[in-house]
Structures are given as structure tokens and as C-alpha cells.
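Remarks on the structure that follows.
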Amino acid sequence: MIRVLFLLLCLTCYAIGGTYDFKPYTKKRHSASEFVYPYFELSIGVEHSSSEVKTESYTHWYHDNERDEMIYDEDLYYDIFTNEGVGPMLETKIGALVFQRGVLFLHLGLMRLKGTSHYKYYSLDKEEFKERGHTLQIHWGFGTKVYPLVKLVPILDGLFIGVSLAFIHDDYNWDDYGMSYQHDETGFKVEAGHLWNISQHYFVGVTVHAANYAINIDTSHEYTYDTFEMNKPPEREPIDDSNTVQFGIAITVVRK
């Protein structure tokens with residue numbers, strides 16, 4: 001009897017074991033694209049830019065030509081330059097997509113701004129030199145952007161935010177007054193937007209961005225004056241307060 005029961009138990013175990021297909025364990029292999037993948041981005045849009053540069057007076061005394069007397073003003077500035085313009089913008093980014101979420105990139109962009117430039121020698125002057133025209137501005141730098149919700153919230157897979165260190169070069173010319181002005185600036189640029197996939201690797205979307213720059217100090221050798229009857233540049237660095245603010249919107253195409 002015991003032999004019969006043991007035989008039945010063996011047959012049962014054999015039958016159960018036969019219903020399962022045991023496969024040997026194999027370690028999953030990861031491709032390089034799951035960790036690092038080439039990234040390319042092209043943006044075309046519209047940019048608005050406004051700049052202001054001014055230098056605080058040493059003595060705060062100013063000669064009023066109409067009253068022919070010296071005037072003291074605590075808020076006295078000279079070499080006051082402002083510019084405001086808007087125009088098309090083209091920018092490219094080249095870098096690497098890391099872990100399908102973060103991007104490290106280099107960027108290069110061009111802006112052709114149409115607007116108005118103002119120059120005033122002293123803040124108390126009534127006369128202001130004004131000229132409208134086009135300005136070509138170049139910016140470049142490096143930064144990072146993140147796709148924080150990839151594979152977490154499918155509808156928001158394409159949401160991104162980014163920040164970069166950026167540099168711009170400005171070159172302004174007053175043809176009517178025989179004056180030129182140029183400088184380099186350093187600042188930070190932030191951006192945000194959303195992409196929609198049109199194929200496995202190509203995406204299209206919208207980007208909004210803003211940037212703030214400050215002028216590099218060593219620029220006195222780049223000042224030239226003709227019409228203003230000044231025979232030499234300022235004896236000290238001509239910048240005390242400077243600021244350039246830009247913002248824009250663009251259509252963005254991404255290959256990642």
C-alpha cells in the first residue's frame with residue numbers, strides 16, 4: 001500500500017512539473033542609448049531685448065549750460081545708453097541626452113533686432129541722441145535641461161525646464177553721429193516648454209525663455225567718440241550699472 005501511494009505521489013509531482021517551462025536566467029543587456037544619446041535642437045522664434053548702461057559721476061557736480069552754474073545731483077550719471085528692440089531669433093543646441101531625462105548642451109544663437117537706441121551724455125541733459133535701426137546680436141554658452149516627468153505622467157512626457165550660462169556680444173553704431181559702442185555681456189538664461197513626438201526620435205514643440213545679462217567690466221578701450229568732441233575714452237572703466245533683459249518664444253524641433 002505504501003509503495004502504491006509513493007508511486008502516485010511521484011507521478012503527481014512529474015505531472016505538475018511538466019506544466020511549467022523552466023528557462024535558464026539570463027541577465028538583461030542594456031544598450032548605450034538607454035544611458036547616453038546624441039541630442040540636437042533647433043529653435044526659430046521672436047525675441048525682445050532691452051538694455052541700459054550708465055556710469056555714476058565721480059563728483060556729482062554738473063555744469064548747467066542754460067544757467068551757467070554748477071549743479072550737484074546725488075543721482076548724476078553719464079554715458080547713459082539704452083536700447084530696445086524686437087526681431088527674429090535662431091538658436092541651435094548640440095549635446096547629449098543622459099538617462100532619457102537630462103540634457104547637457106552647447107548653444108549658439110543669432111538675433112536680428114529692430115529698435116531704437118538712445119544716448120545721453122549726462123542724466124541732466126535735455127538733449128538725447130536717438131536712432132532707429134537693426135542690430136545683429138550673437139549669443140553662445142552651455143547649460144542643461146531636464147525632462148522631469150518622462151515615463152511618470154504620459155501626457156506630460158514632453159515637459160522640460162532648463163538653465164544655461166550665456167554670453168552675448170553687442171555692436172551698435174550711430175551713423176548720423178559718428179559714434180560706435182560695443183560690449184560683451186555674461187548672464188543666465190532660463191527656459192521651459194513642451195514637446196510632442198512625431199516619430200520615435202523626432203519631437204516638435206514650443207519654448208519660452210528669459211535671460212538677464214551684465215556687462216563685462218573691461219570695455220573702456222572699446223568706446224570711441226567723434227561728434228561729442230571728446231578726445232579720449234573715460235579714464236576709468238565706464239560701467240557702473242548695466243543690465244540687459246531678454247525674453248522670447250520659439251518653435252522647437254528636437255532630435256533625441
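The values are calculated or read from the model by the stated rules, or taken from the named source; none is laboratory data. If you're wondering where the values come from, they're calculated on a predicted model, not measured in any experiment. Positions of Cβ are generated from backbone atoms using ideal geometry, with glycine treated the same way; all protein chains shown enter the neighbour counts. Protein only, heavy atoms only, side chains kept; ligands, DNA and RNA dropped before computing areas. Shrake-Rupley method; radii C 1.70, N 1.55, O 1.52, S 1.80 Å.
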Practice item. Over the range 115-176, with every protein chain in place, what whole percent of the accessible area is carbon and sulfur at 1.4 Å, could you tell me? Key: 61
Practice item. Mind checking the range 76-146 for trypsin sites (Lys or Arg not before Pro) that DSSP puts in a loop (not H, G, I, E or B) and that have at most 15 other Cβ atoms within 10 Å? Key: Arg101, Lys126
Review point. What does the charge add up to near Gly102, with Lys and Arg as +1, Asp and Glu as -1, over the other residues with Cβ less than 12 Å from its Cβ?
Key: +3
Study note, to complete from the structure: Using a 1.4 Å probe on heavy atoms of the protein chains only, the accessible area for Tyr62 in Å², nearest 10, reads 20
